[in-house]
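The values are calculated or read from the model by the stated rules, or taken from the named source; none is laboratory data. None of the values given here were measured: they were computed from a predicted structure. Please note: Cβ atoms are built from the backbone with ideal geometry, for glycine as well, and neighbour counts cover all protein chains shown. Heavy atoms of the whole protein, side chains included, go into the accessibility calculation; ligands, DNA and RNA do not. Shrake-Rupley method; radii C 1.70, N 1.55, O 1.52, S 1.80 Å.
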Amino acid sequence: MQTGHPIDLLFPYVCGELSKDEAQRVSEHCAACPACAREVDLVRATQRLLARRVPVAPPPFFWTRLSARLDAEGVRSVFWPEVIWVSKRLIPALIAATLILTSLFWQDEGTSNIESYLTGNGTGKAGEQVLVGNQAISKETVFQTAVLDDAARSD
Amino acid sequence: MELVARCQSGDRAAFRQLVEQYERTVFNIIVSVMGDPTEADDIAQEVFLKVYRSLPTFRGGSQFSVWLYRVTVNQCLDWLKRRRRRSAVMSLDQLVDQSEGDLDFLFKDASPDATETLDEARLQQAIHAALNTLTPDHRVVIVLKDLEGRSQEEIAAILDCPVGTVKSRLTRAREALKERLRPFYEAWKAGGN
Ligand SMILES: [Zn+2]
């Protein structure tokens, strides 16, 4: 319970949402405080107004119209939603597979670039970069690596 | 749950039963959140179509009704965002003007007198007009709590937010509604009521 006027508790008090003790304290406060008593009066009027709402009845033939739309949209079967649900889970797997394949392809491409450079088919100039896997490295580095590899192989 | 499981297996008769079981609440949530009944039929159809399409993926992790009301509330909020025209319901001021300043229809205890149908219609419009002055977020919690009688925990599940958020929204929404009614209520009290 807050000190002073329990303004925040007036709706819960009127709506019966307080514990017995809290409700008792609000009730005692309002009995002694005309300002809060007037406020409780307005809270009651607000809740009374809402309580007088008359629920609406669904319009007639709602099912008939809905049923016609189900037919029109061809959603008679629960097959397609299942397919959509499954494909939503397949898409991430497909993306992952594509990424793996793409990186393998680039790996392959990178090796070809090195080979074409070393066999003299490369058209680039010194300082240019080649793609090895998904990394760009300088041709000089590729050359040094290849020379060192050759030296190691001939040992 | 039995009925939901039958619907999931594509049983159209079971789906009809499900619609008939819940359509009343769905309509009332829609009318109250939208503030007028003109689009309720279209929105309700969208809700049940969505539910029908998504039923196969409903795994019963939450209660079916909670899920259905969540779809309903979200559909209403989407609709409100896209809505270009204003609600067809008159404002509270217009309704009071129409009744020539007589505020009894708002605050006088309901009488069983059948001749008061004009007042009754005006009262129903006034309730929607008062709700229309709230933001959609606030309106939703008032509708679910004070009109549909859902618990705060259930509302939190429907709105997919913490119970604390529901509590604070409800407090602010009720306060805003009370403040909207204050001048009318004070005028009515000053008139000797
Ligand atoms: Zn006080």
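Sort B:M34, B:M90 from largest to smallest accessible area, using a 1.4 Å probe on the heavy atoms of the protein chains. Write out the running numbers ahead of the final one.
Details: B:M34 0, B:M90 55 Å².
Listed by decreasing accessible area, they come as B:M90, B:M34.
If you rank B:K145, B:K50, B:K167 by how much accessible surface each has, with a 1.4 Å probe, what is the order from largest down?
Values: B:K145 40, B:K50 85, B:K167 110 Å².
Result, largest first: B:K167, B:K50, B:K145.
Could you order A:D71, B:D146 by accessible surface area, starting with the largest, using a probe radius of 1.4 Å?
Values: A:D71 70, B:D146 35 Å².
From most exposed to least exposed: A:D71, B:D146.
Within a 10 angstrom radius of each residue's Cβ in B:10-22, how many Cβ atoms of other chains show up on average? Whole number is fine.
Details: counts 5, 1, 4, 0, 0, 4, 3, 1, 0, 5, 3, 0, 1.
What the average comes to for B:10-22 is 2.
Roughly how big is the A-B contact, given as buried accessible area in Å² (both sides, 1.4 Å probe, nearest 100)? Please report the intermediate quantities before stating the final value.
Working: alone 12590 and 11070 Å², together 19330 Å².
When A and B are taken together, about 4300 Å² of accessible area is lost.
Keeping all protein chains in position, work out how much accessible area A:R65 exposes to a 1.4 Å probe, and write it in Å² to the nearest 10.
Roughly 80 Å² of A:R65 is accessible to a 1.4 Å probe.
Go ahead and estimate [θ] at 222 nm for chain B from helices alone: -39,500 (n - 2.57) per DSSP H run with n ≥ 4, summed, over the residue count, rounded to 500.
Numbers: 10 runs with 134 residues, N = 193.
After summing the helix terms and dividing by residue count, I get -22000 deg cm²/dmol.
Run through all the Cα pairs of segment B:108-193 and give the fraction in each 10 Å bin from 0, expressed as whole percent.
Histogramming segment B:108-193 at 10 Å steps yields 16, 37, 30, 14, 2 percent.
Taking Cα pairs under 8 Å and at least six residues apart, what relative contact order does chain B come out at, in percent?
For chain B, the relative contact order is 22 percent.
Evaluate the relative contact order of segment A:7-52 (contact order divided by residue number), counting alpha-carbon pairs under 8 angstrom at least 6 apart; express in whole percent.
42
Students often get this wrong, so check it: of B:K145/B:K178; A:K20/B:K167; B:K108/B:K145; B:K145/B:K167; B:K108/B:K178, which have C-alpha atoms separated by over 21 Å? Numbers along the way, then the final one.
Details: B:K145/B:K178 16 Å; A:K20/B:K167 19 Å; B:K108/B:K145 23 Å; B:K145/B:K167 10 Å; B:K108/B:K178 16 Å.
Beyond 21 Å between Cα atoms: B:K108/B:K145.
What span do the alpha-carbon atoms of segment A:7-52 cover on each of the three principal axes, reported in whole Å from largest to smallest?
Computed over the Cα atoms, the extents are 29, 23, 14 Å.
For peptide A:40-53, how many partner chain Cβ atoms fall within 10 Å of a residue's Cβ, on average? Mind showing how you got there, number by number?
Working: counts 0, 2, 7, 5, 0, 9, 12, 4, 5, 10, 11, 4, 9, 11.
Per-residue shielding by partner chains comes out at 6.
Mind checking B:151-159 for the average number of partner chain beta-carbons within 10 Å of each residue's beta-carbon? The partial results should precede the final answer.
Working: counts 0, 1, 0, 0, 0, 0, 0, 0, 0.
Shielding by partners across B:151-159 averages 0.
If the viscosity is 1.002 mPa s and the temperature 20 °C, what Stokes-Einstein diffusion coefficient in µm²/s follows for chain B when Rh is the Kirkwood radius over Cα pairs? Walk me through the numbers before you get to the answer.
Numbers: Rh = 18.4 Å.
Rounded to a whole number, D works out at 117 µm²/s.
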